[in-house]
Each structure stands twice: as structure tokens, then as C-alpha cells.
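A.B. asks: The structure that follows is given in the form of C-alpha cells.
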Amino acid sequence: MKLKHCLSTIAIAAAATMVGIAPAHADGTKYVALGDSYAAGVGIPTILDMTCSRSDHNYAHLFAAARGYSLTDVTCGGATTDSVTSTQLSAVTADTALVTLGIGGNDIGFTDIVTDCVKAGTIATGSGTGSAVLQNLGTGSASGSAELVLGCKNKYDASMPSRLSQTSAKVAKLVSDIKSRAPQARVVLVGYPHILPDDASLCAGRQPLLPGDIDWARDTVVGGLNTMLSSQPGTTYFSTYDIYTGHDVCEAIPDRWVNGTSVDNGSGAKFHPNQYGHAATAQKMQTTL
């Protein structure tokens, strides 16, 4: 009897110890938003963090409010996979239930690509010539203008496969790190919107972009990013592309959900979604996630 009592005591103690070291269970309402300016809602009032230009009306805030989730939003304009790892990842903890991640554009050099596409289109459409145009665009000289007239496709197309491949590896590593920190969390990769129209002629007189650059940037840059994100294993891919069909930078101003070279419909930053795009994204999240 004494031995039996002793074994029972040991079993109880062992069970208590196991309870003490058991991993934390995910809180079904704990949601962490990670990502770059397209996730942060840059330029959309009200800005919560001026350094990151993070909006309280980005899709994460709207979605969390509709679902009653407890949101930790650390999205930041200009973020790359490396900066998400160093400055945002710590927000993900063992009890996190949902993580959304919108990333990749800055890793492939999206800002430089957009800038050079606009420069090429501005020169080619005769908005100005030579050094005056480039100085207005912030380059300071006319050197390299011939290359720009050929278009941003000419400048970047050859490097895009390697840029996308390298970014894919970084996204995979970041997803692995997220899962290590929150093993029970659902990780949702949020794609990039339908920024440019399927018919490049719609941009004539509305955005200073060359037709060949429009088709290339839509299919190779944005399309390449979304294909890369959708192929990441162990994640859910959330497409925003179809949401923005008919609401790209070259639509009539009242229909634009992505700003072009100027902010004409609501708020936001140039070549970024405005408040209507974020609201539509959050609404689709409510019905599909």
C-alpha cells in the first residue's frame, strides 16, 4: 500500500510538472498584422505611428474590429522581410492565433521600379524633355534619359527572376520563424492589388506610363509577387487582386482605389491603396478568412 501510494504521488507530481511546462494555447482572438506600406495603409487618416505611417483604417484594423479580434498591428511603410524579422516579429507570441503578412514589394525594389516607369513615361509622353524633366522628377540630370525612354521593363526585366527567387527564400524563412514563435497560428500571406489595368490604353492621358511598361509591371512585377506569395507552403494565400479590378490607377478618379502619380480620390500615398481599397479588402477578409 505504501508503494502504491508513493507511485500515485509521483504520478500526480509528474502531471503537475507537465501542466507547468505545457505550451501556451493560441487565443482565438489574438491577431498580429505584419508587413509593409501596402499593409500599413500609409497616408490614410488617422496615422497611429508617424515613423511607419501606419493607419487605424488599414485592412487589419477594420477586419479586427469587425471580428472582435485583439489586434497587434506592427506593419510599417518601407518594410522588407529583413526589417519584419528584426522589428516586427517579436509581436508574434505563442498564443497568437492569426498572423497576416503583406511583404515582398520592397525586397524586389518596387519603389525604384515605379519611379523609373513614371520617369520613362513622363519623358516619352512629352511632359517635358531633357534635364528639366529629370530635375522635376528629382534625379538632377538628364544622364541616362535614353535608357529611361526605352522603359522600366528594359531596365529591370532581366533581373526580376533572381529578385523574385531571392525574395521567395526570405519569405519562406520568415514564415518558418513565425510558425516557430506561434505553432498554432494561421499564417495568411496577403497579396498585392490590381494596380494597373488589363488594357494599357486606359492609362493614356491619366498616368504617364508606357503601354509596354504597364503590361510588364502588371504581369511580371505584381503578378510575379503574387505567384511567389501564393506558392509558399504552410500558409493561406489571400488575394486582393480581383477586389481591385476596375479600381486601378488608370480608372476614372471616382473609381480609383489605388492612387497614381497624385492622390485624387480620398487619401493614402502615391501608388498605394486608398481607404476604399483597404475597406474592400477588410470586407472580403470577413467573408473568406
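The values are calculated or read from the model by the stated rules, or taken from the named source; none is laboratory data. Model, not experiment: these values are computed from the prediction. As a convention, Cβ positions derive from the backbone with ideal geometry for all residues, glycine included, and neighbour counts pool all protein chains shown.
A.B. asks: Output the number of the condition that SER83 fails; it satisfies all remaining conditions of (1) at pLDDT 95 or above; (2) small (Gly, Ala, Ser); (3) touching a helix residue (DSSP H, G or I) at 6+ places or on another chain (Cβ under 7 Å); (4) surrounded by fewer than 18 Cβ atoms within 10 Å (Cβ to Cβ).
C.D. replies: For SER83, the failing item is (3).
A.B. asks: Output the number of residues of the stretch 248-261 satisfying the condition of being of a type in the set (A, V, I, L, M, F, W, C), surrounded by fewer than 17 Cβ atoms within 10 Å (Cβ to Cβ) and in a loop (DSSP other than H, G, I, E, B).
C.D. replies: So the answer is 1.
A.B. asks: Scan the stretch 224-245 for residues that are of a type outside the set (A, V, I, L, M, F, W, C) and surrounded by 17 or more Cβ atoms within 10 Å (Cβ to Cβ) and jot them down.
C.D. replies: Of everything in the stretch 224-245, those that are of a type outside the set (A, V, I, L, M, F, W, C) and surrounded by 17 or more Cβ atoms within 10 Å (Cβ to Cβ) turn out to be GLY224, ASN226, GLN232, THR235, SER239, THR240, TYR244.
A.B. asks: I've got another one for you. Identify, by number, the condition in (1) without any contact (Cβ under 8 Å) to a residue 12 or more places away in the chain; (2) closer than 20 Å to GLY105 by Cβ that SER262 doesn't meet.
C.D. replies: Failing condition for SER262: (2).
A.B. asks: Go through ASP215, ASP264 for me and flag whichever is surrounded by fewer than 21 Cβ atoms within 10 Å (Cβ to Cβ), outside any loop (DSSP other than H, G, I, E, B) and among the charged types (D, E, K, R).
C.D. replies: ASP215
A.B. asks: Would the stretch 218-240 turn up any residue that is under 17 Å from PHE110 (Cα atoms), part of a loop (DSSP other than H, G, I, E, B) and in contact with a Gly (Cβ under 7 Å, 6 or more places away or on another chain)?
C.D. replies: There is no residue in the stretch 218-240 that is under 17 Å from PHE110 (Cα atoms), part of a loop (DSSP other than H, G, I, E, B) and in contact with a Gly (Cβ under 7 Å, 6 or more places away or on another chain).
A.B. asks: In addition: Restricting the search to the stretch 192-205, which residues are surrounded by 17 or more Cβ atoms within 10 Å (Cβ to Cβ) and under 15 Å from ARG256 (Cα atoms)? I'd like the intermediate steps shown before the answer.
C.D. replies: Going through the stretch 192-205, the residues surrounded by 17 or more Cβ atoms within 10 Å (Cβ to Cβ) turn out to be 192-197, 200, 202-203.
Correct list: PRO193, HIS194, ILE195, LEU196, PRO197, LEU202, CYS203.
A.B. asks: Could you please find all residues in the stretch 40-66 being within 19 Å of TYR276 (Cα to Cα) and either β-branched (Val, Ile, Thr) or in contact with a Phe, Trp or Tyr (Cβ under 8 Å, 6 or more places away or on another chain) (or both)? Steps first, please.
C.D. replies: Start the filter on the stretch 40-66 by keeping residues that are within 19 Å of TYR276 (Cα to Cα), which leaves 40-48, 53-66.
Hits for the stretch 40-66 are GLY41, VAL42, ILE44, THR46, ILE47, ALA60, PHE63, ALA64.
A.B. asks: Can you give me the number of residues within the stretch 82-108 that are within 13 Å of the chain's Cα centre (by Cα), over 15 Å from CYS52 (Cα atoms) and of a type outside the set (A, V, I, L, M)?
C.D. replies: Of the residues in the stretch 82-108, 4 are within 13 Å of the chain's Cα centre (by Cα), over 15 Å from CYS52 (Cα atoms) and of a type outside the set (A, V, I, L, M).
A.B. asks: State the number of residues belonging to the stretch 267-289 that are in a helix (DSSP H, G or I) and among the aromatic types (Phe, Trp, Tyr).
C.D. replies: Qualifying residue count, the stretch 267-289: 1.
A.B. asks: Still on this structure: Name the helices (runs of 4 or more DSSP H) wholly inside the stretch 117-203 in which the number of residues that are at pLDDT 95 or above and in contact with a Gly (Cβ under 8 Å, 6 or more places away or on another chain) is 2 or more. Step through it out loud before you land on a result.
C.D. replies: Details: elements: 130-136, 145-150, 152-156, 160-181.
By residue number, 152-156, 160-181.
A.B. asks: Is it the case that some residue within the stretch 269-285 is among the aromatic types (Phe, Trp, Tyr), surrounded by 17 or more Cβ atoms within 10 Å (Cβ to Cβ) and touching a residue at least 60 places away in the same chain (Cβ under 8 Å)?
C.D. replies: Yes: the stretch 269-285 contains one or more residues that are among the aromatic types (Phe, Trp, Tyr), surrounded by 17 or more Cβ atoms within 10 Å (Cβ to Cβ) and touching a residue at least 60 places away in the same chain (Cβ under 8 Å).
A.B. asks: Read through the list (1) assigned to a loop (DSSP other than H, G, I, E, B); (2) at pLDDT 95 or above, then give the number of the only condition that PRO23 fails.
C.D. replies: Only one criterion in (1) assigned to a loop (DSSP other than H, G, I, E, B); (2) at pLDDT 95 or above is unmet by PRO23, namely (2).
A.B. asks: Do we have GLY212 as over 20 Å from TYR31 (Cβ atoms), touching a residue at least 12 places away in the same chain (Cβ under 8 Å) and more than 17 Å from the chain's Cα centre (by Cα) here?
C.D. replies: Spelling it out, GLY212 is indeed over 20 Å from TYR31 (Cβ atoms), touching a residue at least 12 places away in the same chain (Cβ under 8 Å) and more than 17 Å from the chain's Cα centre (by Cα).
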